[in-house]
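I have placed the structure first, in the form of structure tokens, so that the comments after it can refer back to it.
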Amino acid sequence: MDICLKCGAEPPLISQICHKCVRETVVISRLPEVLRMVDCKSCYSLKIPGTWLEFDSVESAVGHFFESSIIWHDNLSQKKTDLTMKQLDPSKYRVLAKTRANYGGLPLESDLEQVVEIKYQVCQTCSRHAGGYYEAILQIRTKQKSVLDAAVEKVFKDIDSSPAEFFSTENGPVKGGFDFQLSSTERARALARELMIQFGGHVNETNSLVGRKDGRDLLRHTFGVRLPSFLVGDFLLIKGKVYQVTRLDRRKAKLKLMESPYTKKMVEIDTLRNPNILDDSLNVQIISSREDQFLLLDPFTHQTVEAVSPPNWNGKTVEALRFGNETFFIWN
């Protein structure tokens, strides 16, 4: 019959040790003698071998450092840690931890307590930010404010959602567009490509020599993104006919004729450098109708207008677009 090797007790046993002896002898967690971490005084990032980890506060950085410093017993499962910390001074935190784990099916607990010492430095990202560091310039150019606003918003969102090492040192409007000074050439190149794919247009990349380091040339890249003057969904007036932009594919735009026979075509964006963009559409009130003859209320002039619907039209709504002194009706 199996018995505990320590006290001679009968099963249940874990590795030939009874539960009572396991609780008395197995220590599930411990800490190094000294806990000393390096934290950025500007952004609270924690220095680890080879890089910095981002945190929102010193407390969260201390908590992560403490948990990652715990030395766990082998063969544990379901490890959990609850932390309580108290700031002793700007460079010291006392941390208490209740650790829990499962050892061979037996739940065990262990309490830890230690002071974490903090050495403050400035991380590379904050040092570069403060020094006005940038590797690339992203230049966005377009003649249409709505297109520019959408593109600039996309770039800001990308910067905000990126790791801290990707940032804009300076940015602002310039004649004909908007410029960003960016900390990463690769991210700037990727952003320029994303803008071209989403909005159409083309990218021109140039570089200039700004110095040498370790025998290598240091280049600063400029990405000029020239966008079209319209967005997907815009209505264009081309040779007296209304087209809607249904897709933008780099240097080409797909247009749909908004009257019978509703044909579609792909055109080079460069051929539409100064398009006539119609105002936002308004809903049209249908006063009366008989077969294909309609009496409509022009929402721009508030006058009734006689109109003929497209062949076999069975839609329910009509929209109006305005360009200059002329109203165009869209039969949905």
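No value in this document is a laboratory result; all are computed from the given coordinates. All values reported here derive from a predicted model rather than from experimental measurement. Virtual Cβ from ideal backbone geometry, glycine too; neighbours counted across all protein chains shown.
Of Lys241/Lys264; Lys143/Lys316; Lys241/Lys316, which pairs sit farther than 24 Å apart, going by alpha carbon to alpha carbon?
Details: Lys241/Lys264 13 Å; Lys143/Lys316 36 Å; Lys241/Lys316 22 Å.
Flagged as over cut-off: Lys143/Lys316.
What ratio of Cα Rg to 2.2 N^0.38 Å holds for segment 279-332?
Values: Rg = 10.6 Å, N = 54, 2.2 N^0.38 = 10.0 Å.
Computed over Cα atoms of segment 279-332, the ratio equals 1.06.
Lys/Arg Cβ at +1, Asp/Glu Cβ at -1, dipole of the chain taken about the Cα centre: which of Pro12, Pro261, Asn207 is farthest positive-ward?
My answer, from the dipole projection, is Asn207.
Among [x] 19.8, 60; [y] 33.6, 104; [z] 21.5, 84, only one was calculated for this model; which label is it, if the read-out is Rg and Dmax of the Cα atoms in Å?
[y]
How big is the charge dipole of segment 30-124 about its Cα centre, in debye rounded to the nearest 20, if each Lys and Arg gets +1 on its Cβ and each Asp and Glu gets -1 on its Cβ? Each step should come with its number before you reach the end.
Working: 12 positive and 13 negative charges, 16 e Å.
Dipole of segment 30-124, to the nearest 20 debye: 80 debye.
Using the 10 angstrom Cβ neighbour count as an exposure proxy, how do Glu33, Glu186, Glu268 rank, fewest first? It would help to have the intermediate numbers written out before the result.
On the way: Glu33 6, Glu186 12, Glu268 9.
Result, fewest neighbours first: Glu33, Glu268, Glu186.
Please compute the length gained on full extension between Asp74 and Lys145, using 0.36 nm multiplied by the number of residues separating them and subtracting their Cα-Cα distance. Walk me through the numbers on the way to the answer.
Numbers: separation 71, 0.36 × 71 = 25.56 nm, distance 6.24 nm.
My answer for the length gained is 19.3 nm.
Phe329: net charge of surrounding residues, Cβ under 12 Å, Lys/Arg +1, Asp/Glu -1, itself excluded? Walk me through the intermediate numbers first.
Details: positive: Arg322; negative: Glu259, Asp298, Glu306, Glu319, Glu326.
Around Phe329, the charge tally is -4.
Where does each of Met85, Met37, Met266 land when they are ranked from fewest to most other beta-carbon atoms within 10 angstrom? Mind dumping the intermediate values first?
On the way: Met85 16, Met37 21, Met266 10.
Fewest-to-most Cβ neighbours within 10 Å comes out as Met266, Met85, Met37.
Most fluctuating residue of Lys119, Lys20, Lys252 in a GNM of the chain with Cα springs under 10 Å: which is it?
Lys20
Under a crude label model (7 Å from the Cα following the beta-carbon direction), how far is Ser42 from Asp89 in nanometres?
If labels sit at Ser42 and Asp89, their model points lie 2.6 nm apart.
So what's the gap between the Cα centers of segment 95-116 and segment 268-332, to the nearest angstrom?
72 Å
Could you give the size of the charge dipole of the chain about its Cα centre, using +1 on the Cβ of each K and R and -1 on the Cβ of each D and E, expressed in debye and rounded to the nearest 20? List each step's numbers first, then the result.
Values: 44 positive and 42 negative charges, 176 e Å.
Charge dipole of the chain: 840 debye, to the nearest 20.
Sum -39500 (n - 2.57) across every DSSP H segment of at least 4 residues in the chain, then divide by the residue count to get the 222 nm mean residue ellipticity, nearest 500.
Numbers: 5 runs with 58 residues, N = 332.
Theoretical 222 nm ellipticity from helices: -5500 deg cm²/dmol.
Rank the residues Glu291, Glu67 as a footprinting-exposure proxy: fewest other Cβ atoms within 10 Å of their Cβ go first.
Numbers: Glu291 7, Glu67 14.
In order of increasing Cβ crowding within 10 Å: Glu291, Glu67.
Using the alpha carbon gyration tensor of segment 142-214, what are the three equivalent-ellipsoid semi-axes (square root of 5 times each eigenvalue), largest first, in whole Å? Mind dumping the intermediate values first?
Numbers: eigenvalues 97, 47, 32 Å².
Gyration-tensor ellipsoid for segment 142-214: 22, 15, 13 Å.
Beyond 32 Å between alpha-carbons counts as too far, so tell me which of Lys20/Lys92; Lys98/Lys119; Lys79/Lys154; Lys41/Lys98; Lys119/Lys154; Lys47/Lys79 fall in that bin. Could you put the intermediate results ahead of the total?
Details: Lys20/Lys92 38 Å; Lys98/Lys119 26 Å; Lys79/Lys154 41 Å; Lys41/Lys98 29 Å; Lys119/Lys154 38 Å; Lys47/Lys79 25 Å.
Among Lys20/Lys92; Lys98/Lys119; Lys79/Lys154; Lys41/Lys98; Lys119/Lys154; Lys47/Lys79, the Cα-Cα distance tops 32 Å for Lys20/Lys92; Lys79/Lys154; Lys119/Lys154.
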